[in-house]
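Student: Before anything else, here's the structure in question.
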Amino acid sequence: EEEEEEKKKTKKKPKNPFEETTRRKPSTSSSSSSSSKTFSFVKKSVDVSKLPSLRDADVVLRRFDDEQRKRVSSSSSSSTTTTTTCAERSLGNAVRTLSYNSETVMFGICAQTGREGIDALKIWTEELNLPKGKLHGLDTDGIPKPIPSEAVFIKYNSLSGDAFCSEYHGEFRGVLFTPVLNDGVFRQFGYLDLSLFDDNNDADVRF
C-alpha cells in the first residue's frame, strides 16, 4: 500500500516549467519566438514576396560593408557614403529583408546636425515599421534643449523603441545597421546613406 501511495504522489508531482524550455531545440525556439513577435519590422505597404531572399540581402549588404571598409582604409575623405539610385534601391530592399527577418533591430545614426539625425530616425523607424518610444538626450531635468546644430550620434533599439542622442566628434556619416536574427550570426553594416529611404520622408511619425 505504501508503494502505491508513493506512485500516486509521484504522478501528481508537477513538472518543472523550465525543464521543457532548456531541452527545446533551436528550431522550436525560433518558431515560438517568431509567433510571439509583436512587430513585423517592415512597412505594411511593402510586398515582402518581392523582397530579395535573406541570403541575397546578406550578400548585398556584406559587399557594401566591405567596400566601405576598403574605402575608409584607403582614403581619409571616404567617411561619407555615395551610392547611385539603383544601388540605393538594392540596399534599401536588402535592409528591409533583414529587418523583416529580425527579432531585434538596432542602428546608430551619425549625422552632421541634430535636425538631420532626427529626420533620419523618423524615416528609418517609419520605413521599417519599428516601435517608436522616447528620444533621450535633448532635455535637462525635463526641460527641452535646442536641437544641436553640430554633429550627433543617435542610437536606437527596437526592444524599447527608445533612441538616445549625444554629441559626436567622429568623421563618419550615415547609418550603422545591426539586425539581430535568430541564427546566431552577428551582422552589422555601415555606413548606409541617411537618405536611403528619403522618398518616404513625408511619412507621419512620432519622434
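Quick note: the coordinates plus some simple rules give every number you see, no bench work behind them. These numbers were taken from a predicted model, which means no experiment stands behind them. A quick note on method: Cβ atoms are made from the backbone with ideal geometry, for glycine too, and the neighbour counts reach across all protein chains shown.
Student: Where does each of 42-51, 185-194, 93-102 land if you order them by average Cβ count within 10 Å, highest first?
Tutor: 93-102, 185-194, 42-51
Student: Compare the peptides 166-179, 131-144 by average per-residue count of other Cβ atoms within 10 angstrom and give them in order, highest first.
Tutor: 166-179, 131-144
Student: Over 32 Å between C-alpha atoms is what I'm after, so list which of 70/132; 70/155; 50/132 land there.
Tutor: 70/132
Student: Rounded, prolate or oblate: pick one for the range 88-177, where a ≥ b ≥ c are the square roots of the eigenvalues of its C-alpha gyration tensor, a/c under 1.5 means rounded, and failing that, prolate if a/b is larger than b/c, else oblate.
Tutor: Verdict is oblate for the range 88-177.
Student: Determine the equivalent ellipsoid of the range 140-184 by diagonalising the alpha-carbon gyration tensor, then write out the semi-axes as square roots of 5 times the eigenvalues, largest first, rounded to whole Å.
Tutor: Whole-Å semi-axes of the equivalent ellipsoid: 26, 17, 6.
Student: Further, regarding this structure: Defining a contact as two alpha carbons under 8 Å apart and six or more residues distant in sequence, what relative contact order in percent does the range 52-187 show?
Tutor: 30 percent
Student: Quick one: Debye curve from the alpha-carbon atoms of the range 115-163 only, equal weights, vacuum; give me log10 I(q)/I(0) at q = 0.27 Å⁻¹ to two decimals.
Tutor: Relative scattering, expressed as log10 I(q)/I(0), comes to -1.12.
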